[in-house]
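Working notes for the structure below.
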Amino acid sequence: MDFSLTDRQLELRERTRDFIAQQVMAYESDPRLGEHGPEPSLRAELVALARQAGLLTPHASVAMGGLGLTHFEKAIVFEEAGYSRLGPTALNIHAPDEGNIHLLEVVATEAQKQRWLRPQVQGQTRSCFAMTEPDGAGADPSMLATTARREGDHFIINGTKWFITGAVGAAYVIIMAKLEDGSATMFLSDMDAPGIEIERQMNAMDTCFTGGHAVMRFNDLRVPVDQVLGELGKGFRYAQVRLAPARLTHCMRWLGQARRAHDIATAYARTRQAFGKPLGHHEGVGFMLADNDMDLQTARLHIWHTASVLDQGHTGNFESSRAKVVCSEAQWRIVDRCVQILGGQGVTGETELMRIFMDMRSFRIYDGPSEVHRWSMARKILDQKAPAP
């Protein structure tokens, strides 16, 4: 595959890089960045800056007001945005909104797009995706327990969801629920609809997601039939429409954070003196920087390759699982090494590194832990027809 960048892609990369460095990174010490992510006023300021820079919601279609980026172009822009933990918030490309925007563009009716998608692309609203449940539905969606019962022109939804990113402050929710025949279906609902209860926000290691993570309950939530997302019974199929690209965009954004960590560690290793010479001149530290460089390149090539597969029209489920495992583990190794290089500085808030470390750890879990992806890949490998001897 030819991974050389076009003039358009180079311009997007440099414009995004400059925007993050010159406008977004200054907000990283803003007190409105709290335990449950950026507060609404901080998010609004960042979104306004991205809108002015022409970089708001770049992955959305041109018809909806975005830049219509390909998956490969997203890889370039999202990595640059991820260099700051506030970059994805500014560009309106953070999870779960990025994946929800993609899903609605593919599946929603025109009326649904105008009601929920267009305001979101404009940066006016946020959303959440309610699939994970306390009793297991998430990594194993077959354990889905939330129910949707047909009653005339409505569905009555009951159930509990947790680890729902961005629920607090979201304008709408996509709900995965089980019909009476056992099949899964997605539903759209405004978050202020009677029957939706936010039980609590969960204190989490990561603090980069606007709205944090919440436990939410549906108590006889009435959803009109015209708020079914897609077709009845195809919820799991649509989940793959959303999740395969969303796994990859996580890899893109966190690659930016890993590169930031590496840059911090490299600068420290150049200037910190130990035993008569710069820290980086000691092989133990120099080797860690070299390993970081190899992991960065490995992750980037997996992302670019998988993005190219998606751009060719393939589902990319196998490739995105592979990229999720390779990238999450490589990027975690990078950040862990960087903390080791900085020593005491690495476990304090004196640099962004401690926060990157804490945010990064969960990446190996959400959108499927590494073990589930390995298991899924192994099944597909074993199911392949054996080559002729």
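The values are calculated or read from the model by the stated rules, or taken from the named source; none is laboratory data. Just so it is clear, the structure is predicted and the values come from calculations on it, not from any experiment. A quick note on method: Cβ atoms are made from the backbone with ideal geometry, for glycine too, and the neighbour counts reach across all protein chains shown.
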Of the listed residues (R259, R253), the one being modelled with pLDDT of 95 or more, farther than 28 Å from Y238 by Cβ and among the basic types (K, R) is R259
G313 vs (1) out of contact with any Pro (no Cβ under 9 Å at 6 or more places or on another chain); (2) assigned to a helix (DSSP H, G or I): all pass except (2)
Collect the residues in segment 133-165 that are under 13 Å from F218 (Cα atoms) and not in a strand (DSSP E or B), keeping them in residue-number order. E133, A145, T146
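Please tell me if L10 is under 28 Å from H302 (Cα atoms) and surrounded by fewer than 13 Cβ atoms within 10 Å (Cβ to Cβ). Give the derivation first.
Values: under 28 Å from H302 (Cα atoms): yes; surrounded by fewer than 13 Cβ atoms within 10 Å (Cβ to Cβ): yes.
Taking the combined requirement at face value, the residue satisfies it.
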Of (1) closer than 21 Å to T109 by Cα; (2) of a type in the set (V, I, T); (3) out of contact with any Cys (no Cβ under 9 Å at 6 or more places or on another chain), T210 satisfies every one except (1)
Is there any pair linking a residue in segment 359-376 that is outside the structural domain of G37 (by TED's automatic domain parsing) and aliphatic (A, V, I, L, M) to one that is buried (at least 17 other Cβ atoms within 10 Å of the Cβ) and assigned to a helix (DSSP H, G or I), with Cβ under 7 Å and at least six apart or on different chains, and which? M360/W254; M360/Q257; M360/Q331; M360/W332; M360/V335
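Per-residue answers, yes or no, for (1) crowded, with 20+ Cβ neighbours inside 10 Å; (2) closer than 21 Å to L243 by Cβ; (3) outside the structural domain of V62 (by TED's automatic domain parsing):
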residue	(1), (2), (3)
Q120	yes, yes, yes
M131	yes, yes, yes
A137	yes, yes, yes
P141	no, yes, yes
L144	yes, yes, yes
R149	no, no, yes
D153	no, no, yes
T165	yes, yes, yes
Could you check, for segment 279-287, whether at least one of its residues is over 16 Å from the mean Cα position of the chain (by Cα), farther than 30 Å from T146 by Cα and in contact (Cβ under 8 Å) with a residue 24 or more places away in the chain? yes
Based on what the data block shows, is R51 closer than 30 Å to E350 by Cβ, surrounded by 13 or more Cβ atoms within 10 Å (Cβ to Cβ) and either more than 19 Å from the chain's Cα centre (by Cα) or touching a residue at least 12 places away in the same chain (Cβ under 8 Å) (or both)? no
So which of A299, A290, A330 ends up being of a type outside the set (V, I, T), touching a Cys at 6+ places or on another chain (Cβ under 7 Å), under 25 Å from E80 (Cα atoms) and in a helix (DSSP H, G or I)? A299
Name the single residue that is farthest from T207 (Cα to Cα) among those in segment 26-38 being out of contact with any helix residue (DSSP H, G or I) (no Cβ under 7 Å at 6 or more places or on another chain) and surrounded by fewer than 17 Cβ atoms within 10 Å (Cβ to Cβ). A26
Note on C208: of the conditions (1) under 18 Å from F363 (Cβ atoms); (2) at pLDDT 95 or above; (3) in contact with a strand residue (DSSP E or B) (Cβ under 7 Å, 6 or more places away or on another chain), unmet is (2)
When you scan segment 53-86, how many residues do you find that are closer than 27 Å to I356 by Cα and of a type in the set (S, T, N, Q)? 2
Give the number of residues within segment 77-118 that are crowded, with 20+ Cβ neighbours inside 10 Å, assigned to a helix (DSSP H, G or I) and free of Cβ contacts under 8 Å to residues at least 60 places away in the same chain. 2
Every listed condition ((1) at pLDDT below 95; (2) part of a helix (DSSP H, G or I)) holds for F3 save (2)
